[in-house]
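Heads up, the thing below is written out as structure tokens.
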């Protein structure tokens, strides 16, 4: 199973995931992160900037920062990481559609402002299946806790995306 999740640019390859030649080249790479920690590259984050490493020994996943050499815990295993991606995908799918940038001329902006002031400007229809943010966040947190509670600590990689979800920034 291979995932590319736009908010995180997370990709897994190998093990029948269809990673292709580039994925196979990255997968063959080993990383030694110091203090005896190292492992096989099994994916990447942020469109390839940060390798995801399956650590020797317990086979847990960590994100490797090539500049600092630091390892940040990700998940207890690949299946858990893929489950987290699916949970975040559900969170995003059940929320409002992302608003794209709008470019208006001065005349168009004045007309929209006049319509807003007159009360004739109506919001677009909500997406089907849209849930309130508090409900989406509750479902996300429950799902993540069920999949891999150890990955939700403040020192783990998922702390950032979970905080952004809590602030409704995703």
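Values as computed for the structure displayed
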item	result
Entirely in the range 97-170, the helices (runs of 4 or more DSSP H) that have 1 or more residues that are without any contact (Cβ under 8 Å) to a residue 40 or more places away in the chain and closer than 30 Å to residue 59 by Cα	133-147, 159-166
Members of the range 83-111 found to be over 16 Å from residue 142 (Cβ atoms) and touching a helix residue (DSSP H, G or I) at 6+ places or on another chain (Cβ under 8 Å), listed by number	95, 104
Residue under evaluation residue 84, criteria (1) at pLDDT 90 or above; (2) surrounded by fewer than 18 Cβ atoms within 10 Å (Cβ to Cβ), criterion not met	(2)
Residues within the range 61-94 that are outside any helix (DSSP H, G or I) and either farther than 19 Å from residue 165 by Cα or touching a residue at least 60 places away in the same chain (Cβ under 8 Å) (or both), tallied	17
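The values are calculated or read from the model by the stated rules, or taken from the named source; none is laboratory data. Note that the structure is a prediction, hence the values are computed from the model and not measured. Note: ideal-geometry Cβ built from the backbone for every residue, glycine included; neighbour counts use all protein chains shown.
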